[in-house]
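The values are calculated or read from the model by the stated rules, or taken from the named source; none is laboratory data. These numbers come from a predicted model, not from an experiment. As a convention, Cβ positions derive from the backbone with ideal geometry for all residues, glycine included, and neighbour counts pool all protein chains shown.
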Amino acid sequence: MEKSDTQERILACGKEYFLKYGFKSAPLRKIVAKAGVTTGAFYGYYANKEELFYALTDDAAKGFMDVLHHVLSEMNSIAEEERIFKMCDVYIKRIPEIAEYLLAHHDEMLLILECSQGTKYENFFESLQRSNTENIDESSRHSKNKLNLISLDTMELLMSGYFSILKRIIIEETDHEKMIRSMSEVARVYEAGILTLMQKSNNYRII
């Protein structure tokens, strides 16, 4: 449905204030005033500030999850015993598509990643991190080679570091080619480290 000029102004001002203050601290009265509408007019479109935030973010979040679902589906099509060694290849092949989506919805992703405390999206990236950790752990258990499994606690720490870097890239990078390069290089570094750990003995020595 086509949005009215009034609704477009409310959305634009909502985005501006949410990006500046975050969801919890963004003052609804200032959003309404900046949009040049009455409070009654605002409530004719949105029941509350939360509904306005979701009007700005829901489509972008769903679209991003759809992109990731396609990546995961391709990974899951790999034979279980080979998946751990080929997952990163699938991901890197898809990075241009992922980067294109992230840049096309940059403001919306900033809202989700940086400004969503107090909403259903405040743990959005953390849930992706947990899902990725579990997927790697599960794939390593079905490898055709005998691997030294990394403990789930250690894998969670590794993925926490990886997703922190990824989040920084998403927030700070606005050039498509640079984003692709950064995401690809970081993914390869983590892939190499994880596979090296899995293929080495767990008998560590303190030097």
Residue satisfying condition, being in a loop (DSSP other than H, G, I, E, B) and modelled with pLDDT of 95 or more, within set PHE42, PHE23: PHE23
From the options TYR121, TYR101, residue that is at pLDDT 95 or above, assigned to a helix (DSSP H, G or I) and either among the aromatic types (Phe, Trp, Tyr) or on the phi > 0 side of the Ramachandran plot (or both): TYR101
Residues being of a type in the set (D, E, K, R) and either in contact (Cβ under 8 Å) with a residue 24 or more places away in the chain or over 19 Å from ASP107 (Cα atoms) (or both): count how many of those fall in region 4-33. 6
Do any residues in region 52-79 that are crowded, with 17+ Cβ neighbours inside 10 Å have Cβ atoms under 6 Å from those of residues that are of a type in the set (Lys, Arg) and part of a helix (DSSP H, G or I), where the two are at least six apart or on different chains, and which pairs are they? LEU56/LYS15; VAL71/ARG94
So which of ALA35, ALA41 is surrounded by fewer than 16 Cβ atoms within 10 Å (Cβ to Cβ) and more than 26 Å from SER127 (Cβ to Cβ)? ALA41
Filtered residues of region 27-47 (kept if more than 13 Å from LEU11 (Cα to Cα) and β-branched (Val, Ile, Thr)): THR38, THR39
With of a type in the set (Gly, Ala, Ser) and more than 16 Å from the chain's Cα centre (by Cα) as the only criterion, which of SER143, SER184, SER164, SER160 stands out? SER143
Any residue in region 139-162 that is farther than 15 Å from PHE85 by Cα sitting within a Cβ distance under 9 Å of a residue that is polar (S, T, N, Q) and in a loop (DSSP other than H, G, I, E, B)? List the pairs, counting only those 6 or more apart or interchain. none
Go through region 99-146 and give me each residue that's among the acidic types (Asp, Glu) and surrounded by fewer than 17 Cβ atoms within 10 Å (Cβ to Cβ). GLU100, ASP107, GLU114, GLU122, GLU126, GLU134, GLU138
Checked region 80-98 for anything farther than 14 Å from MET179 by Cα, touching a residue at least 24 places away in the same chain (Cβ under 8 Å) and either part of a loop (DSSP other than H, G, I, E, B) or charged (D, E, K, R) (or both); matches are GLU80, GLU81, GLU82, ARG83
